[in-house]
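Here is the structure we will look at, set down as structure tokens.
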Amino acid sequence: MTIRRRVLLAAAFAVGLAGPAWAQSLDITVPSNPGGGFDQTARALQGVLEKDKLASRIQIINTPGGGGTIGLAQFATTKAKRAGSIMVGGLAIVSAVPINKAPVTLDQVKPLARLTGEYLVLAVPKSSPLQSVEELIAKFKADPRSVSWGAGSAGSADHLLIGLLAQAAGVEPKGINYIAHSGGGEALSAVIGGHVTVGVSGYGEFEPQVAAGNLRVLAISSEQRIAGIDAPTFKEKGLDVTLVNWRGIFAPPGLKDDEFKALAEMVDKAVKSPAWKEALQKHSWQDLYLPAAPFETYLSRNRSSVTAVLKDIGLAQ
Amino acid sequence: MLRMTSYKPYGVAFGAALALLGAAMIWVISLLPDTAAYAAVGPKMFPRLVGGGLILTGLAVIREAMSIVPGDEDAIEYDVLPILAISAGLIFAAFALERLGWILTATVVFFVTAWAFGERRRLATIAIGLALSGGTYLLFNYALQLSLPAGILRF
Amino acid sequence: MSSISALLDGFSVALAPANLLWASLGVFMGTAIGVLPGIGPALTIALLLPATFSFEPSSAFILFGGIYYGAVYGSSTTAILLNTPGETASVVTAIDGHAMAKQGRGAQALATAAIGSFVAGTLATAALTFVAPALVTLALKFGPAEYFALMVLALVTVTSLLGTSLPRGFASIFLGLALGLVGMDVQTGQARFTFGQLELLDGVGTVIIAVGLFAVGEALYVVARERFHREEIYAIKGSVWMSREDWRRSWKPWLRGTVIGFPIGALPAGGAEIPTFLSYVTEKRLTKHPEEFGKGAIEAVAGPEAANNAAVAGVLAPLLALGLPTSATAAMMLAAFQQYGIQPGPLLFQTNSQLIWGLLASLYIGNVMLLVLNLPLAGLWVRLLLIPRPWLYGGILVFATLGVYTLDNSLFDVALLWGIGMLGLAMRMLDVPVAPCIVALILGPMAEQHLRRALSISQGDPLVFVSSPLAAGILGLALAFLLVPLLLKLRQSQAVSP
């Protein structure tokens, strides 16, 4: 039996040497629960990689908690040198690290590619007297606390947007009346039901309610208007605010150059395939692909600006 | 072996522990830096209420225990060793699960628990433990595609 | 009526042999994952999503619907037999269900749970078919003030669980509230009582606490007492079938559970736990045998089990009528809809009527299948209790570890499970009831968040809780629930000692 086992081991070893390990298997760490934005990104990518045979035996590992910082810490430490591993990340983690004073930061992983993004919108219920973003801002300026903002958790992209908006409107960002919700459609129903003044969210989540006439979009956080979305940008309205809730992927810190390059090539092939375009459309995500080098520059700028906003709204020191 | 002849001292200790916990909560939450962000009710009010509640219940528990007249209770006996054995099994699992893998770790938990309950047929217990953990491993990793750690039994 | 003919069309979709097969596979898988603590229906659907990509949409949803309903059935089985609730919605079931199982009435407990779930599931699916849109309109009227009132109403439940000593009952409540405070404060993002541990930022999971206090705590207690006082567990004593008396005591709780569960499930922040609490307290107030509650009252299994199944159907109402996912599972179903390019919402019944009516029809069929699958198995499941105790408890602890680990793939949680188990042991040794702790743990954080949201929106004005007729009405009901038994007691004592 020992002999047979040895033979098997040798065979396995030989297969392992034949090609880079990740060509056979890939594991994707998702630092959130199944169903969230990171998870959907991972599963969409998994579908494309499998369909185009860029990798097989893809396994998704959900390690939720701490706004993504737990998954980040686990990935950076336990997968440090594993070539067949990537992690999904994005704006939410950039913001969660300083808020939670996480010991493992994004310095400890290697940016691989920015993939997608979603712009945020402000929306009011159809019964709301507010017709435009100007009216909203006027109300906000006159009495900051009279505007309750129904959105996701403290420090989320939604919260960052309100912080930026307050600054642009000349309102003290610490005074915003932010009503945090823990997802699951809770914020959305608070907005539709008219329990908060205005709702903030990625456009995708509001889209069906907008189509059904339950919500009215006041403005969107993109640079220019987006085709298919009937909403002005903040910039058009004289408010210098743009924000995108981006998502991307990261590689382990300890990879050899050729291992990292192989992963980057795999991703590059995946994002150029028609299957990926189809997935983007299905989820109404924007294609924000940036390869590793420009992504790294983007990330470091993004991290410092997010930290600055968090300080302004009183969530980080 | 632990012999509880009367609830009284334990009740007093329990009440004191509750009150201490409540006081500690109030102290710990006061160390939390004040947020500048607006909230009509801040993050400290509920911890203070719960801490206060713990102190009051702690005192009530002490009062209740003190009112017990000793002598009319039956002594209750507990074996400490099996508690330690099962605890050791679970703590071992928390350390070993990802290194040793699910199959071996779960078998250890199973064996230790069965042993604590007085089972002395070692081989049968190990066999059942292995069957249980191996079965769940196969179910998770192949039928459900969820990865339980393989550990040293990588195959 | 057009709904009825549409539903009949739906049955012709659902009764296609292939779809029947998917429905049976779904309920089978759902029951299996419900039995395991830790993996819930949300994760299962997430795992199956890529595999179902090539399916017909209707087949995929028939599969998912079966999983969803099946999971609720399955988790009651382990709650009753092993005192290990697979999902938090079965925590209440464990209290009296496990007590029944120890007395050799496990088969009856499983039967009343299965039939109750069937009755509730069928009625609630019917309600979903006909009143979903109207109900959702009402549900949207619930803001933070109304939710807070609902939490207060649900908290009244704990008064039914306190046990013999008031101070120790309250100790359990406050321990639960204290545990619930651990973690990041949703409103301000500040970490409370985490002591720098990232693992504690999201709080201590309710499943970990439920499994730790119930299963691990009980195993530790039983093993410590094993030599001195061996509590006999009877697998089966007498018949495995429900007696005439059991039926008589079960049917009203089934119906009341349905009435409580469905509307609360339809609330965006309602969930399936609160209806089980409310059903328990309602049954205890209405029963002729309040002294049996906590010691194996069949009403206390029948009502909550009906309530959680009805709530699960209720969750589908906002999903289908508004595209609003109100639970993790509903969010996965929404993702599944989107995978097929279908957007649930007000227009869904028109744009994809065949799919929706097929789904609704297959939910009826899934319910029948679950009954057929579970009722005969009840007699078989209880034989689990015939396993020699060392192996039975060994198995329970292996499953507890498995469930808690797979929850978040976290070893920290496994260590925490042991700690909570020791707390459960200490509470048992001191005769402190564990159930209030869990109820308080689930409700406390929700009550806090809704209260603070309501007060922030009103900018600190406490009148929001009475100016809304809905909130005021619910608070009044809570008060009545509290005071009526007290007044009755007072009248009784006056009658005795004039």
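Overview of values
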| read-out | value |
| --- | --- |
| The listed residue being surrounded by fewer than 19 Cβ atoms within 10 Å (Cβ to Cβ) and either under 30 Å from A:Gly163 (Cβ atoms) or in the same structural domain as A:Leu54 (by TED's automatic domain parsing) (or both), out of A:Gly238, A:Gly314 | A:Gly238 |
| Any chance C:Phe465 is hydrophobic (A, V, I, L, M, F, W, C) and either under 22 Å from the mean Cα position of the chain (by Cα) or more than 8 Å from chain B (Cβ to nearest Cβ) (or both) | yes |
| Enumeration of residues in the stretch C:200-227 that are open to solvent by less than 30 Å² (accessible area, probe 1.4 Å), within 17 Å of C:Gly394 (Cβ to Cβ) and at the interface with another protein chain (Cβ under 7 Å from one of its Cβ atoms) | C:Ala219, C:Leu220, C:Val223, C:Ala224 |
| Filter result for A:Phe260 (closer than 17 Å to A:Leu106 by Cα, in contact with a strand residue (DSSP E or B) (Cβ under 8 Å, 6 or more places away or on another chain) and open to solvent by less than 20 Å² (accessible area, probe 1.4 Å)) | no |
| Selection count where residues are without any contact (Cβ under 8 Å) to a residue 60 or more places away in the chain, more than 30 Å from A:Lys282 (Cβ to Cβ) and not in a loop (DSSP other than H, G, I, E, B), scope the stretch A:116-156 | 10 |
| One residue from C:Ala101, C:Ala89 being under 14 Å from the mean Cα position of the chain (by Cα) and buried (at least 24 other Cβ atoms within 10 Å of the Cβ) | C:Ala89 |
| Residue that is surrounded by the most Cβ atoms within 10 Å (Cβ to Cβ), among those in the stretch B:108-149 that are among the aromatic types (Phe, Trp, Tyr), facing chain C (nearest Cβ under 9 Å) and out of contact with any Pro (no Cβ under 9 Å at 6 or more places or on another chain) | B:Phe110 |
| From the options B:Tyr10, B:Tyr38, residue that is facing chain C (nearest Cβ under 9 Å) and open to solvent by 60 Å² or more (accessible area, probe 1.4 Å) | B:Tyr10 |
| Exclusive hit being under 23 Å from A:Leu188 (Cα atoms), buried (at least 21 other Cβ atoms within 10 Å of the Cβ) and among the β-branched types (Val, Ile, Thr), set A:Val121, A:Val94, A:Val88 | A:Val121 |
| The stretch A:35-67, residues that are more than 10 Å from chain C (Cβ to nearest Cβ), open to solvent by less than 20 Å² (accessible area, probe 1.4 Å) and at positive phi | none |
| Only one of B:Gly15, B:Gly58, B:Gly71, B:Gly22 that is of a type outside the set (Ser, Thr, Tyr) and under 30 Å from A:Gly314 (Cβ atoms) | B:Gly22 |
| Selection from the stretch A:163-180 of residues that are within 12 Å of chain C (Cβ to nearest Cβ) and modelled with pLDDT of 90 or more | A:Ile176, A:Asn177, A:Tyr178, A:Ile179, A:Ala180 |
| Condition met for C:Gln108 (of a type outside the set (Phe, Trp, Tyr), in contact with a Ser or Thr (Cβ under 8 Å, 6 or more places away or on another chain) and assigned to a helix (DSSP H, G or I)) | yes |
| Which numbered condition A:Asp158 misses (of (1) more than 7 Å from every other protein chain (Cβ to nearest Cβ); (2) among the charged types (D, E, K, R); (3) surrounded by fewer than 21 Cβ atoms within 10 Å (Cβ to Cβ)) | (3) |
| Residue selected from the stretch A:205-235 under the condition more than 26 Å from C:Thr326 (Cβ to Cβ) and among the small types (Gly, Ala, Ser), by the criterion surrounded by the fewest Cβ atoms within 10 Å (Cβ to Cβ) | A:Ala227 |
| Out of C:Ile39, C:Ile67, C:Ile33, sole residue that is under 15 Å from C:Thr329 (Cβ atoms) and not in a helix (DSSP H, G or I) | C:Ile39 |
| Selection count, the stretch A:161-172, where residues are more than 19 Å from the chain's Cα centre (by Cα) and either surrounded by 23 or more Cβ atoms within 10 Å (Cβ to Cβ) or in the same structural domain as A:Ser304 (by TED's automatic domain parsing) (or both) | 2 |
| Tally, over the stretch C:410-421, of residues that are facing chain B (nearest Cβ under 8 Å) and either at pLDDT below 90 or within 12 Å of C:Val211 (Cβ to Cβ) (or both) | 4 |
| Of all residues making up the stretch C:393-420, the number that are over 25 Å from the mean Cα position of the chain (by Cα) and more than 22 Å from C:Gly180 (Cβ to Cβ) | 2 |
| Unmet criterion (only one of (1) under 19 Å from A:Leu160 (Cβ atoms); (2) among the hydroxyl-bearing types (Ser, Thr, Tyr); (3) open to solvent by 20 Å² or more (accessible area, probe 1.4 Å)) for A:Tyr289 | (1) |
| Residue list for the stretch B:43-85, filter: of a type in the set (A, V, I, L, M, F, W, C), open to solvent by 90 Å² or more (accessible area, probe 1.4 Å) and within 26 Å of C:Thr164 (Cα to Cα) | B:Leu49, B:Leu56, B:Leu59, B:Met66, B:Val69 |
| Unmet criterion (only one of (1) under 17 Å from B:Leu146 (Cβ atoms); (2) more than 11 Å from chain C (Cβ to nearest Cβ); (3) basic (Lys, Arg)) for A:Lys81 | (1) |
| Restricting the stretch A:203-231 to residues that are of a type in the set (Gly, Ala, Ser) and modelled with pLDDT under 90, the residue that is farthest from C:Ile342 (Cα to Cα) | A:Ala227 |
| Sole exception among (1) at positive phi; (2) open to solvent by less than 10 Å² (accessible area, probe 1.4 Å) for C:Asn409, by number | (2) |
| Search result, residues across the stretch B:97-107 that are within 9 Å of another protein chain (Cβ to nearest Cβ) and open to solvent by 10 Å² or more (accessible area, probe 1.4 Å) | B:Glu98, B:Thr107 |
| Only listed residue being modelled with pLDDT under 90 and in a loop (DSSP other than H, G, I, E, B), chosen from C:Gly238, C:Gly265 | C:Gly238 |
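For every residue, the table says whether it meets (1) more than 8 Å from chain B (Cβ to nearest Cβ); (2) buried (at least 23 other Cβ atoms within 10 Å of the Cβ); (3) among the charged types (D, E, K, R).
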position: C:Thr401; (1), (2), (3): no, yes, no
position: C:Leu430; (1), (2), (3): no, no, no
position: C:Pro436; (1), (2), (3): yes, yes, no
position: C:Arg452; (1), (2), (3): no, yes, yes
position: C:Ser458; (1), (2), (3): no, no, no
position: C:Gly473; (1), (2), (3): yes, no, no
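Rundown of residues vs (1) over 14 Å from the mean Cα position of the chain (by Cα); (2) over 23 Å from C:Phe412 (Cβ atoms), yes/no style:
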| residue | (1), (2) |
| --- | --- |
| A:Lys51 | yes, yes |
| A:Ala55 | yes, yes |
| A:Asn62 | yes, no |
| A:Thr69 | no, no |
| A:Ala73 | yes, no |
| A:Thr78 | yes, no |
| A:Arg82 | yes, no |
| A:Ser85 | yes, no |
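The values are calculated or read from the model by the stated rules, or taken from the named source; none is laboratory data. The model shown is predicted, which means the values in this text are computed figures rather than measured ones. For neighbour counting, all protein chains shown are included, and Cβ atoms are generated from backbone atoms with ideal geometry for every residue, glycine included. Surface accessibility is based on the protein's heavy atoms, side chains included, excluding ligands, DNA and RNA. Shrake-Rupley method; radii C 1.70, N 1.55, O 1.52, S 1.80 Å.
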